[in-house]
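Just below is one structure, and these are the notes that go with it.
The values are calculated or read from the model by the stated rules, or taken from the named source; none is laboratory data. Here the structure is a predicted model, which means the values were calculated and not measured. Cβ atoms come from the backbone with ideal geometry, glycine included; neighbour counts cover every protein chain shown. The protein model used for the area step is the full one, side chains on, heavy atoms only, and it has no ligands, DNA or RNA in it. Shrake-Rupley method; radii C 1.70, N 1.55, O 1.52, S 1.80 Å.
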Amino acid sequence: QVTCIEVVEAYVERIKEVNPLINAVVKDRFEEALQEARQVDKLLSEGPGDDYLEEKYPLLGVPITVKEAFSLHGMPNTSGLVNRRNVIATSDATVVSRLKQAGAIPLGVTNCSELCMWYESSNRVYGRTNNPYDLQRIVGGSSGGEGGVLAAACSVVGVGSDIGGSIRMPAFFNGVFGHKPTTGVVPNDGQFPNAHGVRTSFLCTGPMCRYAEDLEPVLRVMAGPGVSKLKLNEKVSLEKIKFHCMDHDGGSIFVSPVDKEILQAQKKVVEHIESDLGVQVQRVAIHKMKYSFQIWSAMMSSKDSNGQDAQRFADLLGDHGKPVWPLWELMKWLVGMSSHTFPAIALGLTEKLMNLNHSGNAKLVSMGKSLQEEMEALLGQDGVLLYPSHPTIAPKHHSPICMPFNFAYTAIFNVLGLPVTQCPLGLGSEGLPLGIQLVAAAYNDHLTLAVARYLEKAFGGWVLPGKV
């Protein structure tokens, strides 16, 4: 009904209109995108047949955006690090290349937190990204630019990555869908920083979308040949899913209590599932979840199977250049002289402290392994866990510094290797998005994606910002 050039022009105009307010797209490729749209229209007019095109180019002409941490040919690839500000990608990350080959048209790259290790997307290269529902609020991180750009209807699909919730927190704070796939299926290469050592089994690359039905086709393209592991062709009978529900982590001292409104939204989901599907949602209390932050931290800094140490964040800050001394950077930051953000400096400092407690860390790693077994046994091949995405709705700018470990609600599932779909549940009393995490056992991504599609119909999914 519409030409590809009309679609791409509409998104380009939308970005030009909205981006000055939210600062989500940090570098655009509008000219190239419009040229690619013309080529799509030419291909369609030559008419090799819809079936052939659908098979060869499943995302033909779909406008997408890409987190700046991923290589997109000709675009910057700094990850918000000042000493990388002249780095321009000369190739595409594997997932970006696959999306392009499937016919998708990248419009540009979006903001992230410095080195992708904080849940506010702000850095000294591009500045801060604002939440489209309230410009005084954060978009989350590290794929925060993607969350904001999708929520503001500036893109159809986003490429995100997630080692502690970096797809799911922005999806939650911005009221869109995000999927952290089962570990090891979608390739991570072509992003900076990439994971090394033990962290390669915690980092996940995945899709972010406004509509639940878009997650699966994009995931298929991103996963490539590995997609067969995810059972996406299996038909899901919702009535046969064993639903479990956990309201909070059990009361960790490091993490805020869960907001009443988030608990209320989760309660409505439980009630709807029970009344509509005629199933019983099982309430569970998994004691070890209380130590989510400690388990994630210990596992992130543990040695891999070859005895190789985890990469130090302070080394990443230097990016193969001069070493960065976090304490010295803190002194510089206090007088406005550091080129790093405070969260990055703080992480460099706490990393040293974490590595001092070897015996405590070993116990936590072993607790993590036993939690993984407990989760896999609970969920089995037909279980889905409903769990809060974050203790609070989108916080105000800078306030994450006061509660730096709230990301534990998402992070725990990275070290457990489980697939999780973040699902929006409409807006709360302050006009900010609510949502829920849907968790399944490894390789059962098809279950959480099916439940997300179901909840989108029941609760309305994404809501356009500013719509009353």
Cβ pairs under 9 Å, 6+ apart or interchain, first in region 169-194 and in a loop (DSSP other than H, G, I, E, B), second among the acidic types (D, E) and open to solvent by 20 Å² or more (accessible area, probe 1.4 Å), ordered by first then second residue, are G190/D92; F192/D319; P193/D319
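For (1) among the small types (G, A, S); (2) modelled with pLDDT of 95 or more; (3) within 21 Å of P217 (Cα to Cα), each residue gets a yes or a no:
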residue: V8; (1), (2), (3): no, yes, yes
residue: E13; (1), (2), (3): no, yes, no
residue: N19; (1), (2), (3): no, yes, no
residue: K27; (1), (2), (3): no, yes, no
residue: F30; (1), (2), (3): no, yes, no
residue: E55; (1), (2), (3): no, no, yes
residue: P63; (1), (2), (3): no, yes, yes
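Is there a residue in region 353-375 that is out of contact with any Leu (no Cβ under 8 Å at 6 or more places or on another chain) and closer than 20 Å to V185 by Cβ? Quick ask: steps written out before the conclusion?
First pass over region 353-375, keeping only residues out of contact with any Leu (no Cβ under 8 Å at 6 or more places or on another chain): 353-367, 369-370, 373-374.
Pick out the ones that are also closer than 20 Å to V185 by Cβ and you get none.
Checked against the condition, which is being out of contact with any Leu (no Cβ under 8 Å at 6 or more places or on another chain) and closer than 20 Å to V185 by Cβ, region 353-375 yields no hits at all.
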K240 meets each of (1) under 26 Å from H446 (Cβ atoms); (2) touching a Ser or Thr at 6+ places or on another chain (Cβ under 6 Å) with one exception, condition (2)
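Quick one: is V463 β-branched (V, I, T) and surrounded by fewer than 21 Cβ atoms within 10 Å (Cβ to Cβ)?
Working: β-branched (V, I, T): yes; surrounded by fewer than 21 Cβ atoms within 10 Å (Cβ to Cβ): yes.
Here the answer is yes, as V463 does meet what is asked.
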In region 157-196, residues that are in contact with a Phe, Trp or Tyr (Cβ under 8 Å, 6 or more places away or on another chain), more than 14 Å from V420 (Cβ to Cβ) and open to solvent by 10 Å² or more (accessible area, probe 1.4 Å) total 3
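Would you pick out the residues in region 395-414 that are hydrophobic (A, V, I, L, M, F, W, C) and either farther than 23 Å from L215 by Cβ or surrounded by fewer than 24 Cβ atoms within 10 Å (Cβ to Cβ) (or both)? Steps first, answer last, please.
Filtering region 395-414 down to residues hydrophobic (A, V, I, L, M, F, W, C) leaves 401-403, 405, 407-408, 411-413.
Of everything in region 395-414, those that are hydrophobic (A, V, I, L, M, F, W, C) and either farther than 23 Å from L215 by Cβ or surrounded by fewer than 24 Cβ atoms within 10 Å (Cβ to Cβ) (or both) turn out to be I401, C402, M403, F405, A408.
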Being closer than 23 Å to A171 by Cα, open to solvent by 10 Å² or more (accessible area, probe 1.4 Å) and in a strand (DSSP E or B) narrows L386, L434 down to just L434
Q) Right, C204: crowded, with 23+ Cβ neighbours inside 10 Å, in contact with a Lys or Arg (Cβ under 7 Å, 6 or more places away or on another chain) and at pLDDT 95 or above or not? A) yes
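Of the residues I138, I88, I105, only one is within 19 Å of the chain's Cα centre (by Cα) and either open to solvent by less than 10 Å² (accessible area, probe 1.4 Å) or without any contact (Cβ under 8 Å) to a residue 40 or more places away in the chain (or both); which? Can you show your working first?
Details: I88 fails: within 19 Å of the chain's Cα centre (by Cα); I105 fails: within 19 Å of the chain's Cα centre (by Cα).
Being within 19 Å of the chain's Cα centre (by Cα) and either open to solvent by less than 10 Å² (accessible area, probe 1.4 Å) or without any contact (Cβ under 8 Å) to a residue 40 or more places away in the chain (or both) holds for just one of I138, I88, I105, which is I138.
Of the residues I253, I241, which is free of Cβ contacts under 8 Å to residues at least 12 places away in the same chain and among the hydrophobic types (A, V, I, L, M, F, W, C)? I'd like the intermediate steps shown before the answer.
On the way: I241 fails: free of Cβ contacts under 8 Å to residues at least 12 places away in the same chain.
Going through I253, I241 in turn, the sole match is I253.
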Subset of region 212-260, residues touching a Leu at 6+ places or on another chain (Cβ under 7 Å), open to solvent by 20 Å² or more (accessible area, probe 1.4 Å) and assigned to a loop (DSSP other than H, G, I, E, B), comes to V236, D247
